[in-house]
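Data block below; observations after.
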Amino acid sequence: MKTRLHLAITACVVALIIVTTLGANDTTHPIFFVYRTLLISIALLCTIGALREEYRISPAYFGVVVTLFLLMLVSVLRIGGSHFEGFVLWYRYASFGYAFVSLAIYAHYQSARWKGFLLLIPAAAGIAYLVPDILMRRSRVVGFSPNNPDYFATFLLIGVAIGSAGAIFDPNRRRQLMWAIAVGFMLYGIIRTDSRGATLASIAIFILAAKRAGKRVPRRVWLFVGLSGLLAAVVFGPSLIAKFLDFNKSNPYNYARLQIWRSSLNLIAEKPILGVGFGQFIHASKRFNFPLEGHIARYLIRAGIAHSEYLQHMAELGIPAAMLLFSVLGYSVYLAAKQSKAVEPEARWIHEAAVFVVTGVGVHALVDNCWTIPVTASSLVALSLGGSLPLVPRKAPLQWRPLRSAVVFVIIITVYIHSVAVPSLGFYYNQRGHEAAYRGDFKSAEQFHRTAIQIVPDDPEFLQDLGLLFMQFSKPAERTSLNSAREYLARAIAARPQSVELRIHMENALVESLSGEIHSDDDLQKTIIENDSQLLQIDPYLPFQRRNLATAYYNLGQRRRAFEELHRAIEYEPNYVPGYLTMAAWYAERGDAAESRRYEALALSIVNKYRDVRPADIYEATLLGRPDVSGSKAKIVNHF
């Protein structure tokens, strides 16, 4: 039985590392279902495997971890509207935490050979994804993350950390050589991803490795490693070097992180104790957007993330909970480093690997949000194998009476249904709805989306998708679909009241519902004012929505307020051509010909200034009054 249990745990851990690299994001079905099920399976199987062992986790450490997750839960419960997305996020942390603790206890009794095999999997997976990109001669290595190669670079960073530990501390010379070759290949992959953060984190790993290696590795070897790495960056990564040296010249947002971090600190200062809520940074941060001077658009891109895991967690959880999280992880690394010198020679590299992995990922997290699902899974597996838990002798074996077993079973089933089964079914049917809509099958798409909503009635994403479906298939003269779209978008807004995107969709539905007859549209104009006023409280820097707000005021006869709002839109975006033309039309209607001509002249001067400039983004094109520019792919609200 123990052998079968051991094989099951091994299979689950290997599967977790591999499966998590297959999904585009946390809610991709069926990846969500599989990896969450694997996490719970690992936690339960390892708990069973360690029940009769002589050591258990320190009660003090366990109490700190429980306190941490209770504080995280508070962060979820204080979110306005639906808690579904917050619970999905909380369960992710809780599942990883439980799996990490139980695997760490179980691994304490396992052989170095078994631990070494598990550490081999992340490195092998990184190389397996890297090889095809190299063979296809892609200009930039992307691995399993084509939308953001930096995420793949962080995954390769884990392999570099594990390989560095093996190359230095593995007692087998042949394996040392193999690890060194693998490290060189993965470092080449990181350079080819053009990831500055992962490159700097690799340097941090090598510096730590040199310090912990002591006299094991001569200085001339480290000098050779450093020069080889620099030469590789120059030869194979000219675009990476260019990114380091581009101080906002070719890419105005290349070093925008400094301003994003400043904005994040301002957000943290607003709610330093409890934070803005789990997963709410993308909504709460929009009030702190920063302008970009000297370009067509001043507010082209919004900071959707803090570009620092530390600032992101402090903003969302509050400083106390975030510091507790970092302290728990830091203490685990300290234990792994401390025990590395007390274990057998064949096991030391495993402990060092845990230290190197967390150091590398932790350094990269200073400058980017890199704790993705694949990175978290592989990092916590490496940390759990490195003796990273405080263990104390068990006083007496735990007695499993029938009543206790039944209660635990019911709790496990309930948690699994709430955390895995229900969200997975919702994601499945919502995804089927998208597929049907893509085929043009409106009836099937509507049925699938409605089924998803029946399973999870308050998920804003599901409600939004059904509302947008009605808008997509609505006909110009038909009001029923638009009314249905507005109904579901209103429910989505109630579930996620801080969302800018949802209110923009609602505004689009309201504008499409207008009949063109001013007095008959009064109620709709008032609804637009209500919607856009709340929208602009969340993100004040949207010129198009502020112009629509001004137009609604103007149509209702509130001319002074209309002029104020339109002036503000132009103040935020001085190159907003339609804003100037609207102002000119209003002044002409007012009888002020001089002001009308002045605003027309301002609009014309902007048009002439950028006549030969092709906007690279629909936001810029809309500012210049050219929204039909072909090839524009970005949304009106862009995130960096």
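Report, ordered by the first and then the second residue, all pairs with beta carbons closer than 6 Å, sequence separation of six or more or different chains, a first member in segment 276-301 that is in contact (Cβ under 8 Å) with a residue 24 or more places away in the chain, and a second member that is open to solvent by 30 Å² or more (accessible area, probe 1.4 Å) and of a type in the set (Phe, Trp, Tyr).
Final answer for the pair search is 289/541; 299/541; 301/640.
Looking at (1) within 19 Å of residue 353 (Cβ to Cβ); (2) open to solvent by less than 20 Å² (accessible area, probe 1.4 Å); (3) β-branched (Val, Ile, Thr), find the lone condition where residue 141 falls short.
If we test residue 141 against (1) within 19 Å of residue 353 (Cβ to Cβ); (2) open to solvent by less than 20 Å² (accessible area, probe 1.4 Å); (3) β-branched (Val, Ile, Thr), just (1) comes out false.
Check every one of the helices (runs of 4 or more DSSP H) wholly within segment 353-443 and list those with 1 or more residues that are open to solvent by less than 10 Å² (accessible area, probe 1.4 Å).
Values: elements: 373-384, 402-416, 422-439.
Those helices (runs of 4 or more DSSP H) span 373-384, 422-439.
Tell me, yes or no, whether segment 539-551 has at least one residue that is open to solvent by 20 Å² or more (accessible area, probe 1.4 Å) and among the small types (Gly, Ala, Ser).
no
Say whether the condition of being out of contact with any Phe, Trp or Tyr (no Cβ under 7 Å at 6 or more places or on another chain) and within 30 Å of residue 460 (Cβ to Cβ) is met by at least one residue in segment 398-412. Walk me through it before giving the result.
Here is the first cut: in segment 398-412, the residues out of contact with any Phe, Trp or Tyr (no Cβ under 7 Å at 6 or more places or on another chain) are 398-412.
Still in the running and within 30 Å of residue 460 (Cβ to Cβ): 411-412.
Yes, segment 398-412 contains at least one residue that is out of contact with any Phe, Trp or Tyr (no Cβ under 7 Å at 6 or more places or on another chain) and within 30 Å of residue 460 (Cβ to Cβ).
Check whether at least one residue in segment 115-126 is modelled with pLDDT of 95 or more and surrounded by fewer than 17 Cβ atoms within 10 Å (Cβ to Cβ), and report yes or no.
Scanning segment 115-126 turns up at least one residue that is modelled with pLDDT of 95 or more and surrounded by fewer than 17 Cβ atoms within 10 Å (Cβ to Cβ).
Look through 170, 150 and report the one residue that is more than 18 Å from the chain's Cα centre (by Cα), acidic (Asp, Glu) and at pLDDT below 95.
Checking each option against the conditions leaves just 170.
Got a sec? Which of 213, 209, 256 is closer than 15 Å to residue 163 by Cβ and either charged (D, E, K, R) or touching a Phe, Trp or Tyr at 6+ places or on another chain (Cβ under 7 Å) (or both)?
On the way: 213 fails: either charged (D, E, K, R) or touching a Phe, Trp or Tyr at 6+ places or on another chain (Cβ under 7 Å) (or both); 256 fails: closer than 15 Å to residue 163 by Cβ.
Within the list 213, 209, 256, the selection yields 209.
Among the numbered conditions (1) within 35 Å of the chain's Cα centre (by Cα); (2) surrounded by 21 or more Cβ atoms within 10 Å (Cβ to Cβ); (3) modelled with pLDDT of 95 or more, tell me where residue 568 comes up short.
Residue 568 satisfies all of (1) within 35 Å of the chain's Cα centre (by Cα); (2) surrounded by 21 or more Cβ atoms within 10 Å (Cβ to Cβ); (3) modelled with pLDDT of 95 or more except (2).
Is it the case, given these coordinates, that residue 340 is under 20 Å from residue 166 (Cβ atoms) and hydroxyl-bearing (Ser, Thr, Tyr)?
Considered against the rule, which asks whether it is under 20 Å from residue 166 (Cβ atoms) and hydroxyl-bearing (Ser, Thr, Tyr), residue 340 comes out as yes.
Starting from residues that are within 20 Å of the chain's Cα centre (by Cα) and of a type in the set (Val, Ile, Thr), keep the ones in segment 279-301 and report whichever is nearest to residue 84 (Cα to Cα).
Per the criteria, the residue is 282.
Please list, ordered by first then second residue, the pairs with beta carbon atoms under 7 Å, 6 or more apart or interchain, first in segment 505-531 and open to solvent by less than 60 Å² (accessible area, probe 1.4 Å), second part of a helix (DSSP H, G or I) and β-branched (Val, Ile, Thr).
From segment 505-531, the pairs are 506/493; 507/528; 510/527; 510/528.
Just to verify a result, which residue in segment 453-492, among those that are among the aromatic types (Phe, Trp, Tyr) and under 28 Å from residue 281 (Cβ atoms), is surrounded by the fewest Cβ atoms within 10 Å (Cβ to Cβ)?
The selected residue is 488.
The values are calculated or read from the model by the stated rules, or taken from the named source; none is laboratory data. Just so it is clear, the model here is predicted, and its values are computed rather than measured. Neighbour counts run over all protein chains shown; Cβ positions are idealised from the backbone, glycine included. When the accessible area is computed, the model is the full protein with side chains, heavy atoms only, and any ligands, DNA or RNA have been set aside. Shrake-Rupley method; radii C 1.70, N 1.55, O 1.52, S 1.80 Å.
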